[in-house]
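Structure, as structure tokens:
Throughout, read-outs are computed from the coordinates displayed, never taken from laboratory work. All figures in this text were calculated on a predicted structure; none of them were measured in a lab. Because the Cβ atoms are built from the backbone with ideal geometry, glycine has one as well, and the counts that use them run over all protein chains shown.
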Amino acid sequence: MSTTRPLNVGLIGLGTVGSQVAERMLSWGPQLSRRAGVELCLKRVLVRDLTKRRSIEVAADLLTTDPSAILDDRSIEVVIEVAGGDEPMRSYIERAILAGKHVITANKVVMAKHGPELLDQAAGKNVDVYFEAAVGGGIPLISTFRMDLQANKIERVSAVINGTTNYVLGRMASGSTMTDAIREAQEAGYAEADPTDDIGGFDAAYKLAILGSIAYEIKVRPDEIYREGIEGVEPVDFRYARELGFAIKLIAHTQRHPGRVEARVHPAMIPLDHPLARVEGAENAVFVEGDLVGQVLLVGQGAGGRPTASAVVGDLIDLARSIRRGVQSRPSFSFDDRIGVIPIGEVKTRAYYRIRVDDRAGVLAAIGQVFAEEGVSISSFIQKDAWSHDQTAELVVTTHPSLDASLQRARERMAQLEPVRTVSSFLRVF
Ligand SMILES: NC(=O)c1ccc[n+]([C@@H]2O[C@H](COP(=O)([O-])OP(=O)(O)OC[C@H]3O[C@@H](n4cnc5c(N)ncnc54)[C@H](OP(=O)(O)O)[C@@H]3O)[C@@H](O)[C@H]2O)c1
């Protein structure tokens, strides 16, 4: 164990993640310090409410509601931000960097929106920003890209990266309605009271922005990512998907093309034998393809206080070691500004349509003509259920790969056809 002075740490946030970080630092201090080669000292903890009951015991004099007590304390060398949200946390992280402090954060919103700028500022101040916990909870993703895969040109990253939607879709595959499945996810502690961020695909888009930026060293902004949530998926789609040999997952996908990258988040049909089809419950999985390494699959708990604290404290030990040695152990990032994201219309993909039509002659020909005129080649065309009470039937069409713009136009044009009651579902096929 080193005899050098301790490394003082300021913690911002003492909620689900923060309390697990504090707990590990306070109860497992000697072991962590031995691994870090320097004593790790939790010096101050910033919260909003000093009177709140906490799940762990923290000495009252550690707690503060004044951000300056951490950000302006020159003895604090490392700030851990586990509070969340854009502002004021972006400003706090920036202040910490400008004051020459290293930062560890679990904040995907800040890292997705402002990560490249903060990393540039940090490089200018010769400090580091660690953010392993911002994507995939306890799954080692950022360090894997930053260290273990750095010899590779990353070709594609496909992920099931939002545990709430994966849990909800899993329940729907077993017969629950979406409303019931969301309620169950809330009761199990996976979904927030307001689940919009998860269900609408926003959370997955933030995480994909971070993964894409790190994988290709370009600036992938969350608002450049095509995003669709799972709201349109209905229980019957799972039955048809199974019959066709697919599972339905919210997929975050990015892929390299000459001079540009593809980046999209949407529900997708995925072949049952694909590793991502087998990701169950609130688990996350990230499937990476590099030109040297080939395919790598990383799976684990993508959220929760303890897995996320595992990533945060792991970052702290790594950072402490490099501070003690006086070197930055990790390469810094440099982002290529010239590479942009391909608009979704120009992406090639396969699609599945579920169409409610009048059960009469000529319907198939009319639908077939729309696809032909849009240059979309049909892979399968199946009549599923039929209802005698209103003389309607349900058709399921899957296509070969086509431009997404053509697939969308076909959807709009079919909805206008006289014998088509509604295009009930449109899903991309992975
Ligand atoms: N929970 C997870 O499973 C998970 C997984 C991966 C990443 N993350 C990320 O980790 C971060 C924290 O998440 P969490 O679930 O631990 O959140 P949380 O349970 O809501 O806790 C947030 C903590 O931050 C404090 N806080 C919030 N705003 C503050 C402000 N303006 N000034 C001072 N303190 C403030 C709160 O103080 P009070 O306690 O006084 O209210 C609370 O202690 C977020 O960025 C989240 O996205 C979470």
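Overview of values
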quantity: Mean separation of Cα contacts under 8 Å, 6 or more apart, over the residue count of segment 88-134: relative contact order %; calculated: 48
quantity: For the chain, calculated [θ]222 nm from helices alone, where every DSSP H run of n ≥ 4 adds -39500 (n - 2.57); calculated: -10500 deg cm²/dmol
quantity: Footprinting exposure proxy for Asp61, Asp86, Asp49 (fewest neighbouring C-beta atoms within 10 Å first); calculated: Asp61, Asp49, Asp86
quantity: Dipole magnitude of segment 345-429 about its Cα centre (Cβ charges: Lys, Arg +1; Asp, Glu -1), debye to nearest 20; calculated: 220
quantity: Projected area averaged over orientations for segment 219-266, convex hull of C-alpha atoms, nm²; calculated: 4.4
quantity: Protection-proxy order for peptides 290-298, 109-117, 271-279, each taking the mean of Cβ atoms within 10 Å per residue, highest first; calculated: 109-117, 271-279, 290-298
quantity: Segment 155-172 - phi-based ³J(HN,Hα) in whole Hz, Karplus 6.51/-1.76/1.60, Gly and Pro as x; calculated: 8, 7, 9, 10, 8, 9, 10, 10, x, 4, 5, 5, 5, 4, 5, x, 5, 5
quantity: Label-point separation in nm, Glu231 to Leu50, each point 7 Å along Cα→Cβ; calculated: 4.3
quantity: Relative contact order (percent, whole number), segment 142-301, Cα cutoff 8 Å, 6+ residue spacing; calculated: 34
quantity: Estimated vicinal HN-Hα couplings, Hz - segment 117-126 in sequence order (Karplus 6.51, -1.76, 1.60; Gly, Pro = x); calculated: 5, 5, 5, 5, 4, 4, 4, x, 9, 6
quantity: Largest-first principal axis extents of the Cα set of the chain (Å); calculated: 85, 47, 33
quantity: For segment 33-58 and segment 304-379, distance of Cα centres in Å; calculated: 36
quantity: Order of Val9, Val236 - criterion: other Cβ atoms within 10 Å of each residue's Cβ, fewest first; calculated: Val236, Val9
quantity: Cβ charges +1 (Lys, Arg) and -1 (Asp, Glu), total dipole of segment 142-301, debye; calculated: 520
quantity: Fraction of beta bridges assigned by DSSP in segment 225-265 that are antiparallel (%, nearest 5); calculated: 75
quantity: Global geometry of segment 142-301, whether rounded, prolate or oblate, following the gyration tensor of its Cα atoms and the 1.5 cut on a/c; calculated: prolate
quantity: Karplus-derived HN-Hα couplings along segment 243-253 (A = 6.51, B = -1.76, C = 1.60, θ = phi - 60°), whole Hz, x at Gly and Pro; calculated: 4, 8, x, 10, 9, 10, 9, 7, 10, 9, 9
quantity: DSSP bridge pairs, the chain: antiparallel proportion in percent, nearest 5; calculated: 70
quantity: Over the chain, relative contact order from alpha-carbon pairs under 8 Å, at least 6 apart, %; calculated: 16
